[in-house]
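The values are calculated or read from the model by the stated rules, or taken from the named source; none is laboratory data. Note that the coordinates shown come from a computational prediction; the quantities given were computed from them, not determined experimentally. For neighbour counting, all protein chains shown are included, and Cβ atoms are generated from backbone atoms with ideal geometry for every residue, glycine included.
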Amino acid sequence: MPIDAAHPVPPNLPRHVGMDQIPDHVPADLVRQSGLTVGPEFLAAPHDFMAALHHKQPPIYYDVSPMGNMWHLTKHEDALFGLRHPDIFSNEGATPFPRDPNDYFYFIPIEIDPPHHRKYRNIVDPVFSPKGVLKLEELIRRRSNDLIDAIEAKAAAGGTCEFTEDFGRPLPVSVFLDIMGLPQAMRDTFVAWAMELLHSNDRAIMGQAMAKITTYLKDAIAEKKAAPDDGVVSLIAHAEPDGVPLSDKEIFGFVCFLFIGGLDTVFATLNNIWLWLAQNPEQRQEIIDRPEDIDRIVEELLRRWSVTFSGRVLDQDFEMRGVQMKKGDRVTFILPACNFDPEVFPDPMTVDFDRPRKTILAFTVGVHSCMGGHLARLEVKIALQEWLKRVPNFDLQPGTRIEYRPGGVIGPEAVPLVW
Amino acid sequence: MPKVTYVDHEGRASAVEVELGDNVMHGAVYNGIDGITGECGGGLSCATCHCYVDEDWVETVGGPSSQAEEELLEAVAAELRPGSRLCCQIEMTPALDGLVVHMPEHQF
């Protein structure tokens, strides 16, 4: 159903939570409480947990969870199909962030299905295209080296490096703020808001975070409207697709979505990769020894360490693998599990830089493929190159017990390093 | 600006201008030409901008520009032919003005 992004209305979709709210059409033998994103087994080793879904659970099961009941799909093939059929698996109402029903807006472009979706992507795609992001290369290299300078200074003064706070977080957030034309002074505040929204697992805290984000971004948009610059907030605020300026609701929904999508994901990706690097000196050396293969190395690491999921809502009754799903059912494609599908990626947990290139789901597929994917690839690549140039050997601090953050973006809480 | 003609699987042709330095996938996506999906935006990860370079142009355009493109071409949904390319990897140069590419019936 086409929606009018300038006049958003909250979706009227049922939310089911808990064992007593399982719809009648769900067969009892497909009901699971898998513990995905919240259970102790998941939080101990989330990627191992998601790889094990292939032999522990059927390829499609109905998950009952405090975060909401929904179908989980784990097969690579099913994800490609579902994510490429927005007419069946719709994005409208599928984004789980709470909004004020009296001041409702759509997250743009993720909640807008074709045909309107392209209109918004065309505004920003040139900035985020492989060529567009190359303009940022020097800036990202400089920011990486500045952070390593600070880490080395701290180490020289007897301090220790906690990777997530000293590098993993500030790098992508700084780059994002530069692209958007927002002030660096807001960096830590932005991270805190994103944490509350994405990791609190508490709808009240999520709602409060959303309110703070809303106030800040509305002011920022008003400023850019009055004084345009070359950042993306200004680009969106002044965009006129087909000669028609975007409405305030569209501008806000677009900027707000980039805020949510851009802050946390590269952060978690870097943290996952550096934890692995610290524990795998031989493959770390392989990365150093094969500089010409950096692009395929990055692609394999993104497959192995994907950090998030794709949620959809069935827009019609649909059957897959003999499982009857109904219109209105919520569906989550477990993207990291799809990247561990042994039928597509044999020996899936092994990091193998010589794997033949295949479609990975780190950035999802279909019309809603991640628009920041090229930026993410570039950031991971530069971070690897600059870090390994200066700190080729490092270990996890002895005695470290790794804990993962609950929530929709998967990464370790802290990665203390020594060298 | 150089022109590219996109011919769909039923033979319908659309000619559009594509900026020098931009790629043939963008030319289709930004101009609303169905038949090229380009869902990953040119990252060599989706194999949904498959095209058949017209045989008169194969020599000028050349084969896959990288090993990654060659590998990913194996993943295209439609039949692979000698002129098959992922058109996000074909960058517009003056020599390509007038290029003709044919689009497969489906991209996935």
Just give me the residues in segment B:44-64 being assigned to a loop (DSSP other than H, G, I, E, B), at pLDDT 95 or above and either over 17 Å from A:R84 (Cα atoms) or facing chain A (nearest Cβ under 7 Å) (or both), in sequence order. B:D54, B:E55, B:D56, B:W57, B:G62, B:G63, B:P64
Under 6 Å between Cβ atoms, at least 6 apart or on separate chains: pull out the pairs that start in segment A:244-272 with a residue that is closer than 30 Å to A:G168 by Cβ and end on any residue that is part of a loop (DSSP other than H, G, I, E, B) and of a type in the set (K, R). A:F267/A:R169
Please go through segment B:1-43 and give me each residue that is out of contact with any strand residue (DSSP E or B) (no Cβ under 7 Å at 6 or more places or on another chain), away from chain A (no Cβ under 14 Å) and surrounded by fewer than 15 Cβ atoms within 10 Å (Cβ to Cβ), ordered by number. B:H9, B:E10, B:G11, B:R12
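Conditions (1) of a type in the set (A, V, I, L, M, F, W, C); (2) touching a residue at least 24 places away in the same chain (Cβ under 8 Å), marked per residue:
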position: B:N31; (1), (2): no, no
position: B:T48; (1), (2): no, yes
position: B:D56; (1), (2): no, yes
position: B:A75; (1), (2): yes, yes
position: B:C88; (1), (2): yes, yes
position: B:P94; (1), (2): no, yes
position: B:F108; (1), (2): yes, yes
Is it fair to say A:S129 is in contact (Cβ under 8 Å) with a residue 12 or more places away in the chain and within 21 Å of A:D264 (Cβ to Cβ)? no
Selection count, segment A:340-374, where residues are buried (at least 23 other Cβ atoms within 10 Å of the Cβ), closer than 16 Å to A:P59 by Cβ and within 12 Å of another protein chain (Cβ to nearest Cβ): 1
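Out of everything in segment A:384-410 that is of a type in the set (G, A, S) and out of contact with any Pro (no Cβ under 9 Å at 6 or more places or on another chain), what residue ends up being surrounded by the most Cβ atoms within 10 Å (Cβ to Cβ)?
Step one: filter segment A:384-410 for residues of a type in the set (G, A, S), giving A:399, A:407-408.
Of the ones still in play, those that are also out of contact with any Pro (no Cβ under 9 Å at 6 or more places or on another chain) are A:399, A:407.
Details: A:G399: 6, A:G407: 20.
My answer is A:G407.
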Regarding A:A79, is this residue under 21 Å from the mean Cα position of the chain (by Cα) and assigned to a helix (DSSP H, G or I)? yes
Residue in segment A:242-252 that is at pLDDT 95 or above, within 26 Å of the chain's Cα centre (by Cα) and basic (K, R) present: no
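Per-residue answers, yes or no, for (1) more than 23 Å from A:V175 (Cα to Cα); (2) acidic (D, E):
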position	(1), (2)
A:M349	yes, no
A:L361	yes, no
A:E379	no, yes
A:I382	no, no
A:R390	no, no
All-but-one check, A:Q21 against (1) farther than 25 Å from A:V409 by Cβ; (2) within 14 Å of chain B (Cβ to nearest Cβ), failing number (2)
